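The values are calculated or read from the model by the stated rules, or taken from the named source; none is laboratory data. What you are looking at is a predicted structure, and each value in this text was computed from that prediction instead of being measured. Cβ coordinates were reconstructed from backbone atoms using ideal geometry, including for glycine residues, and neighbour counts include every protein chain displayed.
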Amino acid sequence: MMTEMDKSIEELLLAKDRRRDLRLQKLEKGCITLSFNLNIPGLPKSNDSFHTFFSVCLKELKNYLLAHRIVINGDTIHCETDAAGDFFLAEVIDSDYTAIQIKNLCETFETSHPVGRLLDVDVVDEKGEPVSSGKAKLCFFCNNAPAIYCMRKQAHDYAAMRMKVELEISKYQESKKKEYVCKQLAMLATQSLLHEVALAPKPGLVDRFDEGSHTDMDFSTFLNSTAALSVSFRKIADFGYSFSGDDIKEALPKLRLIGLEIESDMFAETNGVNTHKGAIFLLGFSIFVSAYLLSRELFTNEKFISVIQDMNGDLVARELGKKLYIGKETHGEECYRKFGNKGKGIRGEIQAGMPCVFQKALPVLHQSLDKEEILNDRLLNKGLTQALLAIISENDDSNILYRKGEEVLQELKDKASTCLLKSKNKEFESVYNDLIAFCKEKRISPGGSADLLAVSYFMYSVNRQLVSND
Ligand SMILES: [Zn+2]
């Protein structure tokens, strides 16, 4: 009777025979063939994790070949998973390279890859001869003797070897995940600023057609500023993803330092105009905390809010209650002294876990955008306008408070509430135009609300694109 093990070995041998036949078929055509498989010790030769890893590396190999203009004939690709593992075989279309040159390039691919010793790219020449570069690969496990020596001598325990292979693969996949998440976070943050400024018409704010209540900045100032910010968002995401301190507050000095760098980049690009100071502060925290939670697979809005609160627990008292610098009182400090809680501004908002974002704007965005597969300009303009109104109707914008006083701020909030109430009926356009005219006439710019809108759309996008809902 055949045991399970005998059966597996027989299947493995059969699969290997089939691969040899496949190569022979190619040989009859007299062209160079290239194959790719993983070096997996023991059985089974493939499983879900090996297969995913194989697919990732195959894609990298294909890009590498394409970059070197080694062209694979797409019609000859043979790619399958059988008892011998995951396997790719294809013919190379006539190229400027000889078989040995292709082999050397493939070896460079292997040696420069972080887990290259698990990868096996083989080249067979026009005569059906396997091409060797003559260099012996070191054993993946002991990193001491040639791989072929350890394999023939069965120098290492299969279970231990497999464990090491699995560990290396999961480390590699984790690094790919980090790369993906951080890239996405930086991109989504940039998108949120672009969509915020493009949104039109907006009350008092710069949009794609109008400067609102501003005389020192326009649409292009915001585009330049956004470009300046975008290059550093990735730095914040990487920092948050890799942060491993015991107390998340330990991240604050470095986070502030990156924030200050971004601010100087912004001022350099806008000739000293403050386009995004508030957005840098809010998005900086939001990118950092999102990356931190996503790396631990702990992201939920509730968790996000609680981490933001942990980091900023006593921010208002700490930064507005006492002077950080010797000298003239800042607008923020003056506002807090004059208006108390109402004048806490952006620091109060973040200390409270961004209620304008999570309680006001996000529900509106979910309601208007969730069921839409592709968010085009028309849908976004509608959804973001509603979200902006929800924010303005709630936000005690300290800039407006400081410049225009309590009464004007209240009037602005009331007008935004009216717009929201009428958002679904035909009066909307007229009440919204009234709000826009009011801001223009009083020269009000709800910039703090615009920053919160960008953050709201960022948080919406993180939930939509990076958090799995199962
Ligand atoms: Zn070894």
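In table form, for the structure just shown:
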read-out	value
Verdict on ALA454 being in the same structural domain as ILE350 (by TED's automatic domain parsing), without any contact (Cβ under 8 Å) to a residue 60 or more places away in the chain, assigned to a helix (DSSP H, G or I) and closer than 19 Å to ASP207 by Cα	no
Qualifying positions in the stretch 116-150 - in a loop (DSSP other than H, G, I, E, B) and within 16 Å of the ligand (Cβ to nearest atom)	ALA136, LYS137, CYS139, PHE140, PHE141, CYS142, ASN143, ASN144, ALA145
Yes/no for ALA352 being assigned by TED's automatic domain parsing to the domain that holds LEU388, surrounded by fewer than 15 Cβ atoms within 10 Å (Cβ to Cβ), without any contact (Cβ under 8 Å) to a residue 60 or more places away in the chain and among the aliphatic types (A, V, I, L, M)	no
Scope the stretch 57-85; condition surrounded by fewer than 17 Cβ atoms within 10 Å (Cβ to Cβ) and assigned to a helix (DSSP H, G or I); matching residues	LYS59, GLU60, LYS62, ASN63, LEU66, ALA67, GLY74, ASP75, THR76
Per-region count, the stretch 24-48, residues closer than 25 Å to GLU10 by Cβ and of a type in the set (Ser, Thr, Tyr)	2
Some residue of the stretch 151-158 being within 16 Å of the ligand (Cβ to nearest atom), under 24 Å from SER175 (Cβ atoms) and surrounded by fewer than 17 Cβ atoms within 10 Å (Cβ to Cβ)	no
Which numbered condition ASN274 misses (of (1) closer than 30 Å to GLU211 by Cβ; (2) touching a residue at least 60 places away in the same chain (Cβ under 8 Å); (3) not in a helix (DSSP H, G or I))	(2)
Members of the stretch 172-193 that are under 18 Å from ASN376 (Cβ atoms) and touching a helix residue (DSSP H, G or I) at 6+ places or on another chain (Cβ under 6 Å)	LEU188, SER192
Meets criteria (closer than 30 Å to PHE438 by Cβ and modelled with pLDDT of 95 or more) for SER220	yes
